[in-house]
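**Student:** Structure in structure tokens, see below.
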């Protein structure tokens, strides 16, 4: 398999060199895939307002580091247009000890999307691409209180005496569709390796909140949503003809 991939890359490289020698300019083309990481900055204000009465003195700040993967291919039917896909996920938490109990709130973001980008043809040797992502995402908020002492039987018996149990957990989920305008810069270090940096803004639409086993959660403040600015970086392997 490695030999086949190498052979394909070699043929593509030779072909590109032959075309380039005959024409002064050609459309960018190539394909790539790799690891990406993003720094996403959601609005934590409403959750931070609730943390003191939950017994947590810390606050969520900054953003969330997510990990994932993405890839693309130039479709060749339209010059400098490429399509692809991506996925990501990450969590952040605040923890405190209150009245002898461990309390924690976790905030998580994840999602996946179809990507489409137009690479500016007049920029040489690198790819500056304007585009967008259309997909779906999930915002998860988890609340925990426990005394860090668990046994198998207790996890079942607690349901018969819930008022006497120190162990409480809640899981709220917000599923939504996303539309995200993006700008990305891909810098090839050679024909087969490139690095990426870019940014965008995620707009969450058609939001639906649930709690526990998919029961509807009402009266969630509108500011608790998946809207967020993000910065992304990546390491790509593929074939790059910029």
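**Student:** Got at least one residue in region 169-187 being more than 20 Å from the chain's Cα centre (by Cα), within 26 Å of residue 98 (Cβ to Cβ) and free of Cβ contacts under 8 Å to residues at least 40 places away in the same chain?
**Tutor:** yes
**Student:** Residue check: is residue 195 closer than 30 Å to residue 127 by Cα, surrounded by fewer than 16 Cβ atoms within 10 Å (Cβ to Cβ), touching a residue at least 40 places away in the same chain (Cβ under 8 Å) and touching a strand residue (DSSP E or B) at 6+ places or on another chain (Cβ under 9 Å)?
**Tutor:** Numbers: closer than 30 Å to residue 127 by Cα: yes; surrounded by fewer than 16 Cβ atoms within 10 Å (Cβ to Cβ): yes; touching a residue at least 40 places away in the same chain (Cβ under 8 Å): yes; touching a strand residue (DSSP E or B) at 6+ places or on another chain (Cβ under 9 Å): yes.
So residue 195 fits the description; yes.
**Student:** Just checking, how many residues over region 145-159 are within 30 Å of residue 110 (Cα to Cα) and in a helix (DSSP H, G or I)? Give the steps one after another, and end with the answer.
**Tutor:** Filtering region 145-159 for residues within 30 Å of residue 110 (Cα to Cα) gives 145-148, 150, 155.
The next check asks that each one be in a helix (DSSP H, G or I); those that pass are 155.
Here the count works out to 1.
**Student:** Of (1) over 22 Å from the mean Cα position of the chain (by Cα); (2) without any contact (Cβ under 8 Å) to a residue 60 or more places away in the chain; (3) within 24 Å of residue 106 (Cβ to Cβ), residue 221 satisfies all except one. Which?
**Tutor:** Of everything listed in (1) over 22 Å from the mean Cα position of the chain (by Cα); (2) without any contact (Cβ under 8 Å) to a residue 60 or more places away in the chain; (3) within 24 Å of residue 106 (Cβ to Cβ), residue 221 misses just condition (2).
**Student:** Quick check: is even one residue across region 160-170 in contact with a strand residue (DSSP E or B) (Cβ under 7 Å, 6 or more places away or on another chain), modelled with pLDDT of 85 or more, surrounded by 15 or more Cβ atoms within 10 Å (Cβ to Cβ) and not in a helix (DSSP H, G or I)? Please lay out each step first, then the result.
**Tutor:** So the first thing to find is which residues in region 160-170 are in contact with a strand residue (DSSP E or B) (Cβ under 7 Å, 6 or more places away or on another chain), and the list is 166-170.
From what is left, the residues that are modelled with pLDDT of 85 or more are 168-170.
Retained after the next criterion (residues that are surrounded by 15 or more Cβ atoms within 10 Å (Cβ to Cβ)): none.
No, region 160-170 contains no residue that is in contact with a strand residue (DSSP E or B) (Cβ under 7 Å, 6 or more places away or on another chain), modelled with pLDDT of 85 or more, surrounded by 15 or more Cβ atoms within 10 Å (Cβ to Cβ) and not in a helix (DSSP H, G or I).
**Student:** Could you figure out which of (1) in contact (Cβ under 8 Å) with a residue 40 or more places away in the chain; (2) under 13 Å from the mean Cα position of the chain (by Cα); (3) closer than 16 Å to residue 182 by Cβ isn't true of residue 109?
**Tutor:** The one condition residue 109 does not meet is (3).
**Student:** Can you give me the number of residues within region 36-80 that are over 30 Å from residue 146 (Cβ atoms) and over 21 Å from the mean Cα position of the chain (by Cα)?
**Tutor:** Summing the residues that are over 30 Å from residue 146 (Cβ atoms) and over 21 Å from the mean Cα position of the chain (by Cα) in region 36-80 gives 7.
**Student:** Going by the structure shown, is residue 153 touching a helix residue (DSSP H, G or I) at 6+ places or on another chain (Cβ under 8 Å) and over 18 Å from residue 74 (Cα atoms)? Working first, answer last.
**Tutor:** Working: touching a helix residue (DSSP H, G or I) at 6+ places or on another chain (Cβ under 8 Å): no; over 18 Å from residue 74 (Cα atoms): yes.
Criteria not met by residue 153.
The values are calculated or read from the model by the stated rules, or taken from the named source; none is laboratory data. Nothing here was measured: the structure is a model prediction, and the numbers come from that model. Neighbour counts are summed over all protein chains in view; Cβ atoms, including those assigned to glycine, are modelled from backbone coordinates with ideal geometry.
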